[in-house]
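Here's the structure, in structure tokens; my notes come after.
The values are calculated or read from the model by the stated rules, or taken from the named source; none is laboratory data. Only a predicted model underlies this, so the values are computations on that prediction, with no experimental measurement involved. Don't worry about glycine lacking a Cβ; one is built from the backbone with ideal geometry, like all the others, and counts go over all protein chains shown. Only protein heavy atoms, including side chains, enter the accessible area calculation; ligands, DNA and RNA are left aside. Shrake-Rupley method; radii C 1.70, N 1.55, O 1.52, S 1.80 Å.
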Amino acid sequence: LRNPGDVGAGSLRRAIVNANANSGVTNQITFNIPGGGPFLIQLQSVLPDVTNPVQINATTQPGYVAGTPKVILAGSGIPGGGNGLNLLADDSAVSGLVMYGFAGAAIAVVGSDNTIKSNYIGTDATGNGSGFNNYGIDISGSNAVVGGITFGDRNVISGNTVGVNISSGSGTVITGNHIGLSAAGSGAVPNGTGIA
């Protein structure tokens, strides 16, 4: 992915369309946007649902440092609101993004065995202020993993109405995250509710 625009060749939207058309494998979406960043992808409409397994991995963006995302996915430009990423497929992952401004959920986890790690969800790009989502992560699938045991795997889930909402499914693991805290863990960036 080399295009931080909402549409066109090399954009996240096009990459998801291509991954959905490439069945039978786990697709990889990696990032190599030219410049120093941080890079803003300002959505103007909802992204396609993820229907084939895909690893959306913004930790591959040059200059990424563990725990400090450089690629921002913003939803405030979507008319009528909506979700950011809808993971309908199983065995998918999202890592290394800042996600804010979504009137729905930044990430809706519908499929099973999906992993969400190394993101700032609901904060601004610094991880110190609120960028707002209604739901940070909305989980209805089974066996989701949110975070991890290393510093680089933890998510910052702060500044949302609800940080993590588990509406159905079983086997979800939430571990090692900063929920309602700044990226450094030294200050409050509250959610309305941390985990529901």
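Numbers for the structure displayed
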| item | result |
| --- | --- |
| So PRO34, is it open to solvent by less than 60 Å² (accessible area, probe 1.4 Å), within 18 Å of ALA9 (Cβ to Cβ) and more than 14 Å from the chain's Cα centre (by Cα) | no |
| Some residue of region 50-66 being in contact with a Gly (Cβ under 7 Å, 6 or more places away or on another chain), assigned to a strand (DSSP E or B) and more than 20 Å from VAL146 (Cα to Cα) | no |
| Residue check, GLN42 within 18 Å of the chain's Cα centre (by Cα), modelled with pLDDT of 95 or more and over 15 Å from ALA74 (Cα atoms) | no |
| Residues located in region 38-56, provided they are open to solvent by 40 Å² or more (accessible area, probe 1.4 Å) and over 23 Å from ALA103 (Cβ atoms) | GLN55 |
| Among the residues listed as GLY159, GLY169, GLY129, GLY163, the single one being touching a residue at least 60 places away in the same chain (Cβ under 8 Å) and farther than 14 Å from LEU85 by Cα | GLY129 |
| Those residues of region 6-43 which are under 20 Å from ASN83 (Cβ atoms), part of a loop (DSSP other than H, G, I, E, B) and of a type outside the set (A, V, I, L, M, F, W, C), in sequence order | ASP6, SER11 |
| Subset of region 42-80 [touching a residue at least 24 places away in the same chain (Cβ under 8 Å) and at positive phi] | GLY63, GLY67 |
| Residue check, VAL65 of a type in the set (A, V, I, L, M, F, W, C), within 19 Å of GLY127 (Cβ to Cβ) and surrounded by fewer than 19 Cβ atoms within 10 Å (Cβ to Cβ) | yes |
| Among the candidates ASN83, ASN143, residue that is within 16 Å of the chain's Cα centre (by Cα) and not hydrophobic (A, V, I, L, M, F, W, C) | ASN83 |
| Within region 91-101, considering residues that are part of a strand (DSSP E or B) and among the small types (Gly, Ala, Ser), the one surrounded by the fewest Cβ atoms within 10 Å (Cβ to Cβ) | ALA93 |
| Test: residue in region 146-163 that is under 12 Å from the mean Cα position of the chain (by Cα), of a type outside the set (S, T, N, Q) and within 24 Å of THR51 (Cα to Cα) | yes |
| Pairs, first surrounded by 12 or more Cβ atoms within 10 Å (Cβ to Cβ) in region 7-30, second in a helix (DSSP H, G or I) and of a type outside the set (Asp, Glu), C-beta under 7 Å, six or more apart | VAL7/ARG13; ASN27/ALA19; ILE29/ALA15; ILE29/ALA19; THR30/THR60 |
